[in-house]
Amino acid sequence: MSVQSKSREILGQFFGDENFPVNWKNEEEKNEFWWYDDLHVPHPVSPLYYDVGGWWGETCAYMFRRFGVPFGKEWHARKENGYVYTMVQRRDPEEVERLAPYFNMVMPIYANNFLKWWEERYLPEIKRNLAYLDNYPYEESSLAEMMILMEDALDIQERHFRIHWILNLAQFAAFENFSAVATAVAGEEAKNFIGKVLVSVQDKNWDSSRDLWKIKEKIKMDSELLTIFSQYDSVENIVSALEKTPKGKEILALIDQYKEEYGYKAIYTHEYIYELWKENPAPIFETLRNYLDSDYDYEKDKKKVASEQNQAIEELRKRITNDEDLKKFEEALKLALAMAPLTPDHHFYIDQGTYARMRIVFKEIGKKFVARGDLNDSEDIFYLVYDEIRHLAAVPDAFDAKALVAERRVEREKAFAVSPPDWIGTADYWSLYEQAYAGVWGYPERFEISKQKKEEVREIRGLPASAGVVEGIARYLDSPEEFDQLNQGEILVCKMTNPAWTLIFSKISGLVTDSGGILSHPAVVAREYGIPAVTSTLDGTKKIKTGQRIRVDGSTGVVTILE
């Protein structure tokens with residue numbers, strides 16, 4: 001079989017059924033592999049985000065063009081029954097052959113220089129843009145002026161995601177290079193240690209944990225404050241009690257400072273529709289209560305991760321037999337460790353921070369529409385799309401916006417009853433085994449797992465995402481709103497995590513998710529915290545019940561229900 005025919009080998013097809021009908025426009029669409037984007041948009045997508053917010057599209061086309069990426073040309077999305085599916089468009093074989101040398105030539109330059117570019121050029125630019133949006137005079141501005149702001153904000157969003165993809169490829173190159181060098185000089189057993197090495201011990205995730213831990217320590221040292229946090233169930237009652245004492249007001253001031261620094265994030269990062277921690281700090285208070293209940297020790301946690309990282313590095317060094325190989329290893333290691341913080345940091349500034357500001361911009365425009373009588377609520381704007389917002393701004397009676405929003409709200413609510421399949425279209429060899437980005441979602445292993453016989457409920461298979469074995473009580477959580485149900489040392493079982501979930505990693509002993517590859521958020525953060533994790537179980541949340549005792553083997557990818 002030729003290379004080209006191997007790439008086109010069909011491994012599976014699903015074109016829809018009565019439970020999940022698919023609107024195919026042509027045969028070309030059916031011949032592509034479209035996977036469910038449960039990493040970013042696990043719930044029915046809002047009309048506005050799908051229209052102008054998606055990370056796919058133009059910024060991805062820019063990334064493929066800029067780097068001359070041979071394993072893809074463009075990244076498309078489609079909405080089916082309310083859910084987002086994405087697809088990477090392949091290049092012609094002749095184009096792949098032509099671009100590969102260029103890609104291989106420039107990637108080491110990005111890997112070796114990007115950290116300096118990030119610190120000196122890109123991050124200052126991002127911070128300036130975010131500060132511009134934070135300090136915009138929303139209340140004093142007219143609707144016409146806000147339309148100009150909307151265009152500026154969309155430009156900022158696009159620019160930030162162009163930077164996102166430059167960073168993504170540069171870090172990918174550094175990590176891949178380290179993995180290849182480590183395996184070459186230390187043998188195949190190096191693969192057992194690489195995951196422990198490629199973690200970050202100094203980034204915005206750690207900063208957010210540290211700063212909240214400091215507040216927790218102040219509360220812990222004062223019996224009156226400790227009583228308030230343990231006695232009252234609701235955030236409203238905690239705040240009310242804190243406002244009555246000088247020490248309580250000091251804690252509230254510290255929480256406000258924390259909210260200003262770390263509050264630009266929502267339950268689900270990749271959307272406009274979800275409330276920010278800055279708008280509603282309830283998750284901050286709940287995390288503080290968790291920290292107090294578990295007596296979370298930031299320094300101990302960080303030292304543990306750093307120690308395990310150093311041990312893994314030393315294990316690799318022991319396996320290197322000559323000075324030349326050791327030099328190659330040290331050079332690759334230095335670069336990979338320097339790049340490791342960029343995963344959480346770019347999430348903080350781009351995925352979280354930029355989308356949070358976009359929510360604020362659109363919501364402020366929504367307030368102008370409410371004041372004029374066009375909408376009932378500022379949140380209604382997320383049920384309109386770009387052209388409709390511009391048309392409505394210029395022509396107040398252009399259409400019945402209230403009726404349209406009501407109709408779309410009903411459509412989105414109905415979509416929650418739908419169970420989206422993992423993928424639609426045609427799964428061929430290229431899309432599963434040669435197209436690199438599908439691996440972030442756990443393919444091809446996720447596809448292979450779905451084909452296996454899974455009636456044996458006591459054993460659930462997924463991807464080995466973070467090494468180690470732990471036994472404990474399972475706790476299923478659907479969203480951060482349920483964080484208060486989690487007890488210290490329980491094993492978290494959930495569909496997926498994102499940066500908003502990071503603060504409870506200090507409380508859990510293991511992790512099981514339905515989705516995610518070894519480079520996904522739950523896998524990366526679990527390795528940083530030294531927590532055994534299995535991702536991409538597909539239906540672990542359906543088979544594991546809260547209260548069951550389970551064993552998580554993060555080295556083999558097997559979860560066993562013990563009782």
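Structure above, values below:
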{"read-out": "Cleavage-rule hits, GluC sites (Glu not before Pro), region 64-158, DSSP coil, Cβ neighbours within 10 Å at most 14", "value": "GLU139, GLU140"}
{"read-out": "Per-pair calculated FRET efficiency, R0 = 60 Å: LYS542 and VAL106 via Cβ, rounded to 0.05", "value": "0.85"}
{"read-out": "Contact order normalised by residue count of region 1-100, Cα under 8 Å, 6+ apart, percent", "value": "27"}
{"read-out": "Whole-percent carbon and sulfur share, accessible surface of region 11-148, 1.4 Å", "value": "49"}
{"read-out": "Sorted peptide list for 171-182, 490-501, criterion being average Cβ within 10 angstrom, highest first", "value": "490-501, 171-182"}
{"read-out": "Protection proxy ranking of 202-213, 410-421 - average other beta-carbon atoms within 10 Å, highest first", "value": "202-213, 410-421"}
{"read-out": "MRE, 222 nm, helices only [DSSP H, n ≥ 4, -39500 (n - 2.57), over the chain, to nearest 500]", "value": "-15500 deg cm²/dmol"}
{"read-out": "FRET E, pair PHE20, LYS414, Förster distance 22 Å, beta-carbon r, rounded to 0.05", "value": "0.95"}
{"read-out": "Accessible surface, per residue, of region 151-247 when the full set of protein chains is kept, probe 1.4 Å, Å²", "value": "44"}
{"read-out": "Set of aspartates and glutamates with alpha-carbon distance to LYS542 below 17 Å, sequence-local pairs under 8 removed", "value": "ASP38, ASP422, GLU455, GLU456, GLU459, ASP478, ASP514, GLU563"}
{"read-out": "Residues of region 272-427: accessible area per residue with a 1.4 Å probe, Å²", "value": "44"}
{"read-out": "Of all accessible heavy-atom area on region 293-340, the percent that carbon and sulfur account for (1.4 Å)", "value": "45"}
{"read-out": "Modelled FRET efficiency - R0 45 Å, LYS244 with GLU120, Cβ distances, 0.05 increments", "value": "0.40"}
{"read-out": "Charge dipole magnitude, Cβ of K and R +1, D and E -1 - the chain, Cα centre, debye nearest 20", "value": "1080"}
{"read-out": "Region 356-435 - percent of accessible surface contributed by carbon and sulfur, probe 1.4 Å", "value": "49"}
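The values are calculated or read from the model by the stated rules, or taken from the named source; none is laboratory data. Note that this is a predicted model, so its numbers are computed, not measured. Cβ: placed from backbone, ideal geometry, glycine included. Neighbour counts: every protein chain shown. With ligands, DNA and RNA removed, areas are computed over all heavy atoms of the protein, side chains included. Shrake-Rupley method; radii C 1.70, N 1.55, O 1.52, S 1.80 Å.
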